[in-house]
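Below you'll find the structure, written out as structure tokens, and then a few comments.
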Amino acid sequence: MELADSWNTESEARTFEEIWPGLKKVAIDYSVAEPAAASGLVSVVPAHFGWHDVGDFAAIAELQSGGKRNHLAVLGDAKVLSDKSNGILISETGRLVALIGLEDVIVVDTPDALLITTKEHAQKVKNLVDALKNTGHSDVL
């Protein structure tokens, strides 16, 4: 309520800096949609449209490849040499990245950290982020 009260006021930025970091992180469906539905504030309209829950790098790779197998999706400004590799490469560094014979690879290359995993283990990235926070390495997040 305090955040809402400060919206579009002179104290908005300060209030967000003070309160936002301490808020419990809860998925929008649990924190907003389900309580709204329980209160009768949700309507349902029949529709046909595509949907993809982009919850990890594997999902981004799938969307970027258009579902094509053996495709390497490249996002960012990397120079890429790829021989029989597929998955996704996301780069913010502009440096050369060479991939040879890697299947379902996920490479995220930033100036301060390099992540290499596979689609199979993409959901474990959250655990890595939590471990970095817990060990005082938040500067690379």
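Computed values, structure above
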quantity: Search result, residues across the range 7-60 that are more than 30 Å from Thr118 (Cα to Cα), free of Cβ contacts under 8 Å to residues at least 12 places away in the same chain and of a type in the set (A, V, I, L, M); calculated: Ala13, Leu23, Val32, Ala33, Ala36, Ala37, Ala38, Leu41, Val42, Val44, Val45, Ala47
quantity: Residues of the range 87-111 classified as part of a loop (DSSP other than H, G, I, E, B) and on the phi > 0 side of the Ramachandran plot, total; calculated: 3
quantity: Positions within the range 1-53 being closer than 30 Å to Lys126 by Cα and β-branched (Val, Ile, Thr), in sequence order; calculated: Thr15, Ile19, Val26, Ile28, Val32
quantity: Candidate set from the range 67-126 (those that are β-branched (Val, Ile, Thr) and within 21 Å of Asp139 (Cα to Cα)); member that is surrounded by the most Cβ atoms within 10 Å (Cβ to Cβ); calculated: Val107
quantity: Of the criteria (1) among the basic types (Lys, Arg); (2) within 30 Å of Val105 (Cβ to Cβ); (3) more than 16 Å from the chain's Cα centre (by Cα), which one Arg14 fails; calculated: (2)
quantity: Scope the range 101-141; condition over 20 Å from Gly76 (Cβ atoms) and in contact with an Asp or Glu (Cβ under 8 Å, 6 or more places away or on another chain); matching residues; calculated: Gly101, Glu120, Gln123, Asp139
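Residues checked against (1) under 14 Å from Val107 (Cα atoms); (2) modelled with pLDDT of 75 or more; (3) touching a helix residue (DSSP H, G or I) at 6+ places or on another chain (Cβ under 8 Å):
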| site | (1), (2), (3) |
| --- | --- |
| Ala36 | no, yes, no |
| Ser39 | no, yes, no |
| Val42 | no, yes, yes |
| Val45 | no, yes, no |
| His48 | no, yes, no |
| Gly76 | yes, yes, no |
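The values are calculated or read from the model by the stated rules, or taken from the named source; none is laboratory data. Just so we're clear, the structure is a prediction, and the values are computed from it rather than from any experiment. When we count neighbours, we look across all protein chains shown, and the Cβ atoms used for this are built from the backbone with ideal geometry, even at glycine.
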